[in-house]
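The values are calculated or read from the model by the stated rules, or taken from the named source; none is laboratory data. Bear in mind the structure is a predicted one, so any value in this text is a computation, not a measurement. Cβ atoms come from the backbone with ideal geometry, glycine included; neighbour counts cover every protein chain shown. For the accessible areas, the whole protein counts, side chains as well, though only heavy atoms, and no ligand, DNA or RNA atoms are used. Shrake-Rupley method; radii C 1.70, N 1.55, O 1.52, S 1.80 Å.
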Amino acid sequence: MSRYSHDEQFFHGKSESLGVLLVNLGTPDEPTTSAVRRYLKEFLSDGRVIEIPKVIWWCILNGIILRRRPAASAKLYATVWSEDGSPLLANGKKQQQALQQEMSVRFKGPVHVKLAMRYGNPSILNGLRELRKEGARRLLVLPLYPQYSATTTATTYDAVSKEMKRWRWLPEIRFVNQYHDNSAYIDALAKSVRAHWAEHGRKEKLMMSFHGLPKRNLELGDPYHCQCHKTGRLLAEKLGLKPEQWLVTFQSRFGRAEWLKPYTDKTLEKLAQEGVKSIDIVCPGFPADCLETLEEIAVENRDVFIEAGGKDYTYIPALNHDADHIQALADIVQQHTQGWPEVSPDWSESAISAGNKKSQELAKEKGAKL
């Protein structure tokens, strides 16, 4: 048996297409202890995510974390779960469907957009194999992480590369590294904030909270911290905010090590104690709402602010499948697929069909069975 897999549906003259793989972090299959444990084990076993010697981390992960954390996390997931599954998966499917529709309008050639999760389902492996069945000879991987980090973007690259090691015939591959300063993305963020202000009024300060990382990652050269601050600055400029009207913070720290500062919860507590009564909070690093935004930011951190003396706290939802966000993602896809046939205004279905037919005829003349 060959170690390399292939397109079992291949035949000479098969139509080719462009494939776009959207990748987000992941989600458990169910809001249960066992499902959360499987998800956390896969996630926290990734050496890009946890840079601790494997032997030491194995003992901590299996001896402590996977014994205690799954049950508590499952209860939190249950509070945000819907008939469509986890919010990250439900929002991701809507993004995929909307982007598929937009790319079908923008490009004359065939485009197939698939959604995958780095950890859990739908998996990157299945997403890539589905695109191969669709005849995707050109592949764009778009990790839904605006700000690059080795813990997110790079590990997506690792997973795609791992699967590609098993393929006999590789497609042309391009990879979106980051889009933290993409003008369409910043515009979409700004429009969402303005729309929220128009409907709910504007608070004293706008807090931009990004997922945290250990400070050690920054010291070792990860650009994530810098890119978060650039996104925050560009968004503040687009909104016309003065320096005292906005700030960048970092959430979701884990363990005892120092993480990127200032911490979101500690800053909310401090602001309330200093007399700030109202806060709007937005998460520009999360293209889709998930447990971290809907529970940690919208609920837990609201309690922190109110208990410290604050009065009015509002979470501004992620961009999700908002039309401006889909247009921004489509712009990114279009930018990174320049030169490929499906993008060309000269692409012709009749010409492609004729070429495919000719290819099949010539192959059969040479003795090809397929």
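Quick look at the values:
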{"item": "Electrostatic dipole magnitude of the chain [Cβ: Lys, Arg +1; Asp, Glu -1; Cα centre; debye, to 20]", "result": "1180"}
{"item": "Listed peptides 226-235, 358-367, 248-257 by packing density, highest first (mean Cβ within 10 Å)", "result": "226-235, 248-257, 358-367"}
{"item": "From phi via Karplus (6.51, -1.76, 1.60), per-residue ³J(HN,Hα) for the range 184-201 in Hz, x at Gly/Pro", "result": "5, 5, 5, 4, 5, 4, 4, 5, 5, 5, 4, 5, 5, 4, 4, 8, 10, x"}
{"item": "Accessible area expressed per residue, the chain, with surrounding protein chains retained (probe 1.4 Å, Å²)", "result": "50"}
{"item": "Of Thr249, Leu239, Gln9, farthest towards positive along the dipole that unit charges on Lys, Arg, Asp, Glu beta carbons give the chain", "result": "Gln9"}
{"item": "Residue-by-residue Karplus 3J(HN,Hα) for the range 32-38, coefficients 6.51, -1.76, 1.60, Hz, glycine and proline x", "result": "10, 4, 5, 5, 5, 4, 4"}
{"item": "Cut-off under 5 Å, modelled amide H: who pairs with Ser17 long-range", "result": "Ala136, Arg137, Arg138"}
{"item": "Helix-only mean residue ellipticity at 222 nm for the chain, each DSSP H run of n ≥ 4 adding -39500 (n - 2.57), per residue, nearest 500", "result": "-13500 deg cm²/dmol"}
{"item": "Inter-centroid distance (Cα atoms) of the range 60-83 relative to the range 35-50, Å", "result": "12"}
{"item": "Over 31 Å (Cα to Cα) - which of Lys54/Lys215; Lys133/Lys358; Lys14/Lys162; Lys242/Lys270; Lys230/Lys266; Lys14/Lys41 fall in this group", "result": "Lys14/Lys41"}
{"item": "Of all accessible heavy-atom area on the chain, the percent that carbon and sulfur account for (1.4 Å)", "result": "51"}
{"item": "Coordinate range along principal axes, alpha carbons of the chain, Å, largest first", "result": "82, 49, 41"}
{"item": "Net dipole in debye of the range 183-316 [+1 Lys, Arg Cβ; -1 Asp, Glu Cβ; about Cα centre; nearest 20]", "result": "440"}
{"item": "For the range 267-343, size of Cβ-based charge dipole, Lys and Arg +1, Asp and Glu -1, in debye", "result": "220"}
{"item": "Out-of-range pairs (alpha-carbon distance over 18 Å; input Lys94/Lys114; Lys108/Lys357; Lys203/Lys311)", "result": "Lys108/Lys357"}
{"item": "Estimated FRET transfer efficiency (Asp312, Glu258; beta-carbon r; R0 35 Å; 0.05)", "result": "0.65"}
{"item": "Fraction of antiparallel bridges per DSSP, the chain only, in percent to nearest 5", "result": "5"}
{"item": "The chain: most fluctuating residue of Ala190, Ala90, Ala198 per GNM, C-alpha cutoff 10 Å", "result": "Ala198"}
{"item": "Positive-pole candidate from Ala190, Ser73, Gly310, dipole of the chain, charges at beta carbon", "result": "Ser73"}
{"item": "Rounded to 5, percent antiparallel among DSSP beta bridges of the range 183-316", "result": "5"}
{"item": "All aspartates and glutamates inside 17 Å of Lys238 as judged from Cα atoms, apart from same-chain residues fewer than 8 positions distant", "result": "Asp181, Asp187, Asp280, Asp324"}
{"item": "Cα→Cβ-extended label distance, 7 Å offset, between Thr32 and Glu163, nm", "result": "2.6"}
{"item": "Residue-by-residue Karplus 3J(HN,Hα) for the range 167-183, coefficients 6.51, -1.76, 1.60, Hz, glycine and proline x", "result": "8, 7, 10, 7, x, 5, 10, 10, 9, 7, 7, 5, 8, 5, 10, 4, 4"}
{"item": "Percent RCO, i.e. relative contact order, over the range 151-307, from Cα pairs under 8 Å lying at least 6 residues apart", "result": "28"}
{"item": "Computed label-point distance, nm, for sites Ser350 and Gln101 using a 7 Å Cα→Cβ extension", "result": "3.0"}
{"item": "Alpha-carbon centroids, the range 319-349 and the range 224-275: separation in whole Å", "result": "32"}
